[in-house]
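The values are calculated or read from the model by the stated rules, or taken from the named source; none is laboratory data. Computed from a prediction, not measured in an experiment: that's the story for all the values here. Because the Cβ atoms are built from the backbone with ideal geometry, glycine has one as well, and the counts that use them run over all protein chains shown. Just the protein is used for accessible areas: all its heavy atoms, side chains included, with ligands, DNA and RNA removed. Shrake-Rupley method; radii C 1.70, N 1.55, O 1.52, S 1.80 Å.
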Amino acid sequence: MEPFLQKRLLQSLEHLKRQDLPRFHVVMLPDFFIDHFVCFESVEKTCAAIKSIAAQGGGNLPGVIQRIHQGGNAANTALGLARLGLSTHLICQTDPFGLHLLQFLLGKHTVDLSGVKTDGKLAMTTALEFQDHFENIMIGDPGSVASFAFETLNDHDRELITSANLVGVTNWNLNRFGTDLACKVFATAKKQNVRTFFDSGDPSPRRPDIPELIQKVLMNPSVDVFGLNENELNHYSNSVNKTQEDMITAVESLKKKVPARIDFHTALLSSSVSGTTTVVPTIPVSTIYRSTGAGDAWNAADIFADLLGFSDDERLLFANICAGQYISSSDMGHSTIDMVINYIKNNL
């Protein structure tokens, strides 16, 4: 990393008036999942063990490390923002047990849960993680995330949206009303000049709906920031971008179609494309515990730095550090400002 950029980011963070950070309000919607992580050594050994157990008529697969954690793009991003000191509000639909989990997982970190509805179904994901693969396999039940519509919002939710500094809509890919929800939420937000953020998630399950999403949401000037990763970029650019140069070229080509600033993140680099293109490499990480949630951690830091007015390269470096710290954290903890400051000081 460039030492001069690190020093500028360090100065920006040290000069923050932290007592003023809670004055920034961010609303995230509409997804919360409970994530069940199951950790295996390798794909081949795991498949062989499962086949062997099935062949003998069933049995137990002992010694498998498992964890329960908060999930969902909106919920995890809200938690990341709260850890950085902003006032965050989650709007979603789950069941009473889901609210109980949210109170334990997010409420204790000051995330406002007044927008959580308990008349739905808990969304759950089982994430199969393998030591020999950075990628993971997600097995999900989207619960009420799949049917969260604009009409699900009540007067309190709309008040939260119109009084926020930024509202973010995520997980379009699993919500069959996602296009309509994003259009109407952003239109509501823009009545009060609220900044907007959109991250569709992996669009592959809804390939036929991508043209409509591009036309109605991404080409709409009510979207200020569009966040995506390399897998999502391949679907929106209709190409497989193998090199870093290909990726940046594809992002710049996509920017010609959409008015929003595009904030792009990968395992190797991140970039921000508006009138100009800024590229910052990711930080080196010695131990990677997971890839799940890295994008949420990156988005949270990106939104934070956007609202605080950081320069593009400072914002990208800040988001890269937060994402790197998240995937290298054994307890799946989001970064705090002090954690980022200490990282920079230790690596200058």
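Starting at the first residue of region 190-202, write each ³J(HN,Hα) from the Karplus equation 6.51 cos²θ - 1.76 cosθ + 1.60 with θ = phi - 60°, in whole Hz, x for Gly and Pro.
In residue order, the calculated couplings are 6, 4, 10, 6, 7, 5, 10, 9, 9, 9, 6, x, 4 Hz.
Please report the carbon-and-sulfur percent of the accessible area for the chain; probe 1.4 Å, protein heavy atoms only, DNA, RNA and ligands left out.
It is 53 percent, rounded to a whole number.
Counting only other residues whose beta carbon sits under 11 Å from that of PRO30, what net charge do I get with K and R as +1, D and E as -1?
Combined, the nearby Lys, Arg, Asp and Glu give -1.
When we measure straight from the Cα of LYS51, which lysines land under 17 angstrom away, once same-chain ones fewer than 8 places off are left out?
Partners within reach: none.
Residue by residue through region 283-296, which ³J(HN,Hα) values in whole Hz follow from phi under the Karplus form 6.51 cos²θ - 1.76 cosθ + 1.60 (θ = phi - 60°), with glycine and proline marked x?
Values per residue, Gly and Pro as x: 8, x, 10, 6, 10, 10, 8, 6, 10, 4, x, 4, x, 5 Hz.
Assuming 0.692 mPa s and 37 °C, estimate D for region 73-162 with Stokes-Einstein, Rh taken as the Kirkwood radius over Cα pairs, in µm²/s. Working shown, then result.
Numbers: Rh = 14.3 Å.
Using the Kirkwood radius from Cα pairs, D works out to 229 µm²/s.
Leaving out ligands and nucleic acids, note down the accessible area per residue over the chain with a 1.4 angstrom probe, in whole Å².
That works out to 44 Å² per residue.
Take each of the peptides 307-315, 68-76, 103-111, average the number of other beta-carbon atoms within 10 Å over its residues, and list them starting from the highest.
Taking the mean over residues of other Cβ atoms within 10 Å, the ranking is 68-76, 307-315, 103-111.
Looking at the square roots a ≥ b ≥ c of the eigenvalues of the Cα gyration tensor of region 1-120, which shape do they give, rounded for a/c under 1.5, prolate if a/b is larger than b/c, or oblate?
Values: a/c = 3.89, a/b = 1.59, b/c = 2.44.
Since a/c reaches 1.5 but b/c is at least a/b, the shape of region 1-120 is classed as oblate.
Can you tell me the dipole magnitude for the chain around its Cα centre, using point charges on the Cβ only (Lys, Arg +1; Asp, Glu -1), in Debye to the nearest 20?
400
Which of LYS117/LYS257; LYS216/LYS255; LYS17/LYS345; LYS17/LYS257 have a Cα-Cα distance over 26 Å?
LYS117/LYS257; LYS17/LYS257
How are the C-alpha pair distances of the chain spread across 20 Å bins, as whole percents from the shortest bin up?
The calculated distribution, bin by bin, is 31, 60, 10, 0.
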